[in-house]
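Okay, structure first, notes after.
The values are calculated or read from the model by the stated rules, or taken from the named source; none is laboratory data. Keep in mind it's a predicted model, so treat the numbers as computed, not measured. Because the Cβ atoms are built from the backbone with ideal geometry, glycine has one as well, and the counts that use them run over all protein chains shown. The accessibility values were calculated without ligands, DNA or RNA, using every heavy atom of the protein model including side chains. Shrake-Rupley method; radii C 1.70, N 1.55, O 1.52, S 1.80 Å.
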Amino acid sequence: MSDTELTHEDWMRHALMLAQRAWDEGEVPVGAVLVHNNRVIGEGWNRPIGHHDPTAHAEIMALRQGGLVLQNYRLLDTTLYVTLEPCVMCAGAMVHGRIGTLVFGARDLKTGAAGSLMDVLHHPGMNHRVEIVEGTLSDECSGMLSEFFRQRRLAIKAQKQAR
């Protein structure tokens, strides 16, 4: 990426590219990019199946890289771009890491912790609040997830019919 100021849409396209990597590995297609001073300091895609690790969500992978790059667990003045609204675990990690802004594409009505099911990022008991920008490239983000699960259902149906 260049030194010119990139938009939320530009960064979300990068996250979508990472989500495609998750899909290619048979994982739920979620991608995340952590940005500091208009520079990628962390990126990740879902890998819990391949890593045998329930914490290997795209967001956690990006936050871990960012901490290493900044040499600090406090990821101040950063923006995390994620294709899907984060879960409770990932939202909690964002609060603990002091992420400045979360930009996400698709809502997760079943497990979303940035306003859909609950709002961990603005809970009154938390010691840090994360700014939320939602809906960036939402059609592309939700479309990728819908197509992934549609294809998965078709594959399962074909397997059952083959028996």
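General observations
- The packing ranking, built from the mean of other Cβ atoms within 10 Å per residue, places the peptides 102-114, 65-77, 39-51 in the order 102-114, 39-51, 65-77, highest first.
- Gain on full stretching of the segment that runs from Asp119 to Gln20 - 0.36 nm per residue minus C-alpha separation: 32.9 nm
- Positive-pole candidate from Gly31, Leu76, Ala155, dipole of region 8-162, charges at beta carbon: Ala155
- Here the chain carries DSSP beta bridges of which approximately 55% are antiparallel, counting only pairs with both residues inside.
- The length gained by stretching the chain between Asn38 and Tyr73 to full extension, at 0.36 nm per residue less their Cα-Cα distance, is 10.7 nm.
- Theoretical ellipticity at 222 nm over the chain - DSSP helices of four or more residues, -39500 (n - 2.57) apiece, nearest 500: -13500 deg cm²/dmol
- For Asp53, solvent-accessible area (1.4 Å; no DNA, RNA or ligand), Å²: 40
- Charge sum, other residues only, whose C-beta stays under 15 Å from Glu131's C-beta, Lys/Arg counted +1 and Asp/Glu -1: -2
- Surrounding net charge for Phe149, when Lys and Arg each add one and Asp and Glu each subtract one, Cβ distance under 13 Å: +2
- Residue-count net charge about Met118 - beta-carbon cut-off 13 Å; Lys, Arg +1, Asp, Glu -1: -1
- The chain - charge dipole about Cα centre, Lys and Arg +1 at Cβ, Asp and Glu -1, debye rounded to 20: 780
- Among the protein heavy atoms of region 8-162, carbon and sulfur supply 54% of the accessible surface, probe 1.4 Å, non-protein parts ignored.
- Mean sequence separation of contacting Cα pairs (under 8 Å, at least six apart), scaled by the length of the chain, corresponds to a relative contact order of 18 percent.
- Stretchable slack from Ser138 to Gln159, in nm (0.36 nm times residue separation minus alpha-carbon distance): 4.4 nm
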